[in-house]
Amino acid sequence: MAIHGSLSRTRSGEGVAARLLFTALGAAGLIIGSFLEWTRDTVGTDLSLHALYQHSIGRSPNTVMSLGGAAIGLGLLALLGLADVTGWLTRLAGAVALVGLVLVSIQIHQSSDHGLQAGLWLAVAGSVACVAGGLSGGRATGALYED
């Protein structure tokens, strides 16, 4: 006698709609926020990745290697996560973005001549929405049976 089980994922219409809405709003927040000012009238696509761990908040000549570029990439990754039923990729993209934005916020706050601006706040809200979008949408159901 052996016990077997199966696990499947069911999705309701409301759950799918919530997942699409949160993920789309979150990705939009990350992407649009990247083109707005983050600190001292500097847009996110001009901020160097060194601002994650250094007090000197410098500019990046390359958009791809900037904080805004990373936020745009994570927003696109969150949208790509809609292809997976589980939502783990959307959650991961939102969580990585949130950790990075918190690290940047700490460095900006510790700097005497910098302050947080609307673009950074919009990106933070977008990353939280991506995490929420990855969590909504489906629930696991399972069944056990005997041979």
Query - Index of the failed condition, ALA70 passing every other in (1) assigned to a helix (DSSP H, G or I); (2) touching a strand residue (DSSP E or B) at 6+ places or on another chain (Cβ under 8 Å); (3) free of Cβ contacts under 8 Å to residues at least 60 places away in the same chain - result: (2)
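Being modelled with pLDDT of 90 or more, closer than 13 Å to ILE31 by Cα and under 10 Å from the mean Cα position of the chain (by Cα) is true for just one of LEU92, LEU98, LEU76, LEU120. Which residue is that?
It is LEU76.
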Requested in this report: Say whether the condition of being assigned to a helix (DSSP H, G or I), modelled with pLDDT under 95, crowded, with 20+ Cβ neighbours inside 10 Å and not small (Gly, Ala, Ser) is met by at least one residue in the range 132-145.
Outcome: no
Query raised in the report: Can you name the residue in the range 63-88 that is surrounded by 22 or more Cβ atoms within 10 Å (Cβ to Cβ) and small (Gly, Ala, Ser) and is also farthest from THR23 (Cα to Cα) among such residues?
Result: SER66
**Report entry** Residue selected from the range 25-46 under the condition of a type in the set (Val, Ile, Thr) and not in a helix (DSSP H, G or I), by the criterion nearest to the chain's Cα centre (by Cα)
**Finding:** VAL43
Requested in this report: Being of a type in the set (A, V, I, L, M, F, W, C) and under 16 Å from HIS109 (Cα atoms) is the filter; apply it to the range 33-48 and report the residue that is surrounded by the most Cβ atoms within 10 Å (Cβ to Cβ).
Outcome: TRP38
Query - Matching residues in the range 1-23 - criterion: being β-branched (Val, Ile, Thr) and either within 22 Å of VAL131 (Cα to Cα) or modelled with pLDDT under 60 (or both) - result: THR10, VAL16, THR23
Report task. Starting from the range 40-58, take each residue that is within 18 Å of ALA118 (Cα to Cα) and touching a residue at least 60 places away in the same chain (Cβ under 8 Å) and list its partners that are of a type outside the set (D, E, K, R) and surrounded by fewer than 20 Cβ atoms within 10 Å (Cβ to Cβ), counting only C-beta distances under 6 angstrom and pairs at least six apart or across chains. Result -> ARG40/HIS114; VAL43/PHE35
Requested in this report: Kindly indicate whether LEU30 is more than 30 Å from GLY15 (Cα to Cα) and surrounded by 13 or more Cβ atoms within 10 Å (Cβ to Cβ).
Outcome: no
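The values are calculated or read from the model by the stated rules, or taken from the named source; none is laboratory data. The model shown is predicted, which means the values in this text are computed figures rather than measured ones. Heads up, the Cβs are rebuilt from the backbone with ideal geometry, glycines too, and the neighbour counts pull from every protein chain shown.
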